[in-house]
Amino acid sequence: MKGVNYKVTDITVSKTNDGYYVEWMYAGTPHWAQGEFFIDKDGYLHHSFLSPRGKEIEFKVKVR
């Protein structure tokens with residue numbers, strides 16, 4: 001769909017023994033990732049993923 005602007009929503013982050021578990025919604029579809037993530041000096045976890053159309057989508061969420 002040309003012109004539709006999808007956004008990352010409903011982000012949840014859980015701390016695990018191996019790093020973090022992150023869940024989010026994109027284009028009405030749930031996604032998840034787990035492991036070690038970059039957390040900047042301001043406490044934001046950064047993550048990127050490929051959309052169904054192959055576009056890299058980046059987001060960040062405050063974790064501390």
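Descriptive notes on the structure:
- Filtered residues of region 10-64 (kept if in contact with a His (Cβ under 7 Å, 6 or more places away or on another chain) and aromatic (F, W, Y)): W24, F37, F38, F49, F59
- Residue match in region 24-31 (condition: loosely packed, with under 10 Cβ neighbours inside 10 Å and in contact with a strand residue (DSSP E or B) (Cβ under 9 Å, 6 or more places away or on another chain)): yes
- Reported count of residues in region 12-28, each being touching an Asp or Glu at 6+ places or on another chain (Cβ under 9 Å) and in a strand (DSSP E or B), is 8.
Where a number appears in this text, it was derived from the coordinates with a stated rule and is not lab data. What you see is a predicted model, and the numbers here were worked out from it, not measured in a lab. Please note: Cβ atoms are built from the backbone with ideal geometry, for glycine as well, and neighbour counts cover all protein chains shown.
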